[in-house]
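Each remark here refers to the structure printed beneath this line.
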Amino acid sequence: MRFIGGVIQKLQRHPKRIVFPEGAEPRVLQAARQFFSLQIGAPILLGDRTRIKTIASNLNVSLEGVRIINPEDSEELGRFVELYTRLREAKGMDPKKAREAMLKPNYFGAMMVAMRQADGLVSGTNESAGSVLRPLFQIFRRAPGVSTASSCMIMEVEDSRFGCEGTLLMSDCGVIPEPNVEQLADIAVSTAGLALRLLGVRPKVALLSFSSHGSATHSSVEKIQAATALAREKAKALLLEADFEGELQVDAALVPEVAGRKLPGNPVAGKANVLIFPDLNSGNIGAKLVQHMARSNAYGQIVLGLDQPAADVSRGANAHDILGVAGIVGQQAIAYRELYPKAGIQFPLIS
């Protein structure tokens, strides 16, 4: 709770509005109640009002301070339909299809964030990753300087010697199956930016491999080396102060004794607080191994590379996990309003 406790304390000073498209899910209801009780923001639940109230009553969960919106009955539905039609008209969108989309809570919630009626979105407890991510990719824009959307898991482990006092960021664990050089560099830079905002320390980013600094020769190793060089260039262009190193084996990235033997004096080796995996297989497997075998607190997937904060939580997430993710998304929103002041729908609003 060291890391997430700090997130909660910061949000108590800067509360945010988080929309939860899965409003009738018991775990979401419990997390939303805690979100309000901790005074870290205003939760917004999407779904049928009567059903949500019935489930909350059965769970003995108070809905005080919780806003409920049914997209079908919302006064904003017509405007959202027209905006989405205009936003996607080049892709063949028409008002009928747009209405069908906006009646889906994930689309409606994404539009709420884009229109600044909410500060962030958390979904995924009962949805596939595609159904959560697709509306985000269609409605949100890419963050400046980044062409790749990806995702990040934040791990809070018991051993404070790892990462930043036990907190590690791991990417990409949920979006891109086989990233190329530019995508890997984007993932590394986006995760470094998140680490800087959340941890408040200089990101030390290890791009992982089965090799450390040429100990093995393979095309995949060369890809990691090229991505590391490109990540440094991209970070410099964005004025992001961070250290990037690759290729590194995971023990050389995390364990000072191993780093001292393999890469003495390296600024990242043995001190990494951000781990970038070479592909989705290794990222997803590695994150789940740490989560379950080390019994760490796992928060994610935090969506990266977009100009609005959002998360796609695991279908196995509990209420505590959802609360933590909502807190992280809320903390992102604090910085995003300064980083991306022109975020959201840019064409003239409809009266």
Fill in the blank from the handout: When Met170 is run through (1) hydrophobic (A, V, I, L, M, F, W, C); (2) surrounded by 23 or more Cβ atoms within 10 Å (Cβ to Cβ); (3) in the same structural domain as Gly6 (by TED's automatic domain parsing), the failure sits at (3)
Practice task
Hey, could you check region 64-82 for residues that are in contact with a helix residue (DSSP H, G or I) (Cβ under 7 Å, 6 or more places away or on another chain) and in a helix (DSSP H, G or I) and say which is nearest to Thr50 (Cα to Cα)?
Solution key: Pro71
Completion exercise
Given the conditions (1) β-branched (Val, Ile, Thr); (2) farther than 28 Å from Ser220 by Cβ; (3) surrounded by fewer than 23 Cβ atoms within 10 Å (Cβ to Cβ), every one holds for Ile139 apart from (3)
Problem - Qualifying positions in region 75-110 - in contact (Cβ under 8 Å) with a residue 40 or more places away in the chain and within 24 Å of Gly324 (Cα to Cα) - result: Pro105, Asn106, Phe108, Gly109, Ala110
Completion exercise
Looking across region 1-41 at residues that are among the basic types (Lys, Arg) and outside any helix (DSSP H, G or I), the single one that is surrounded by the most Cβ atoms within 10 Å (Cβ to Cβ) is Lys16
Practice task
Answer with yes or no whether Ser123 is of a type in the set (S, T, N, Q), closer than 26 Å to Ser314 by Cβ and free of Cβ contacts under 8 Å to residues at least 24 places away in the same chain.
Solution key: no
Completion exercise
Looking across region 141-168 at residues that are of a type in the set (Gly, Ala, Ser) and assigned to a loop (DSSP other than H, G, I, E, B), the single one that is farthest from Asp186 (Cα to Cα) is Ser160
Exercise for the section: Quick one: which residue in Gly92, Gly124, Gly65, Gly78 is closer than 19 Å to Phe35 by Cβ and surrounded by fewer than 21 Cβ atoms within 10 Å (Cβ to Cβ)? Expected result: Gly65
Exercise for the section: Take Ile69 and decide whether it is of a type in the set (A, V, I, L, M), under 16 Å from Val325 (Cβ atoms) and touching a residue at least 12 places away in the same chain (Cβ under 8 Å). Expected result: no
Handout entry: Subset of region 59-87 [more than 16 Å from Pro21 (Cα to Cα) and of a type in the set (Lys, Arg)]
Key = Arg79, Arg86
Completion exercise
Here the qualifying pairs (Cβ atoms under 9 Å; residues six or more apart or on different chains; first in region 257-274 and in the same structural domain as Gly246 (by TED's automatic domain parsing) and surrounded by 24 or more Cβ atoms within 10 Å (Cβ to Cβ); second part of a helix (DSSP H, G or I) and of a type in the set (S, T, N, Q)) come out as Val274/Thr191
Fill in the blank from the handout: Residue set Val7, Val28, Val61, Val19; condition β-branched (Val, Ile, Thr) and at pLDDT below 95; output residue Val7
Exercise for the section: Would you be able to say whether some residue in region 245-252 is in contact (Cβ under 8 Å) with a residue 12 or more places away in the chain, crowded, with 16+ Cβ neighbours inside 10 Å and in a helix (DSSP H, G or I)? Expected result: yes
Handout entry: Condition met for Glu222 (modelled with pLDDT under 95, assigned to a helix (DSSP H, G or I) and at negative phi)
Key = yes
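So that you can scan it fast, the table gives a plain yes or no per residue for (1) among the aliphatic types (A, V, I, L, M); (2) over 22 Å from Lys236 (Cα atoms); (3) modelled with pLDDT of 90 or more:
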residue	(1), (2), (3)
Gly163	no, yes, yes
Ile176	yes, yes, yes
Leu194	yes, no, yes
Val201	yes, no, yes
Val205	yes, no, yes
Thr217	no, yes, no
Problem - Cβ-Cβ under 9 Å pairs, at least 6 apart or on other chains, region 175-200 side in the same structural domain as Arg232 (by TED's automatic domain parsing) and assigned to a loop (DSSP other than H, G, I, E, B), far side among the hydroxyl-bearing types (Ser, Thr, Tyr) and surrounded by fewer than 24 Cβ atoms within 10 Å (Cβ to Cβ) - result: Val175/Thr148; Ile176/Thr148; Pro179/Thr148
Problem - Residues satisfying the stated conditions in region 276-299, i.e. crowded, with 23+ Cβ neighbours inside 10 Å and farther than 25 Å from Phe210 by Cα - result: Tyr299
Handout entry: Some residue of region 47-62 being closer than 12 Å to Ala24 by Cβ, acidic (Asp, Glu) and part of a loop (DSSP other than H, G, I, E, B)
Key = yes
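The values are calculated or read from the model by the stated rules, or taken from the named source; none is laboratory data. Keep in mind that this is a model prediction, so the values were computed, not measured. When we count neighbours, we look across all protein chains shown, and the Cβ atoms used for this are built from the backbone with ideal geometry, even at glycine.
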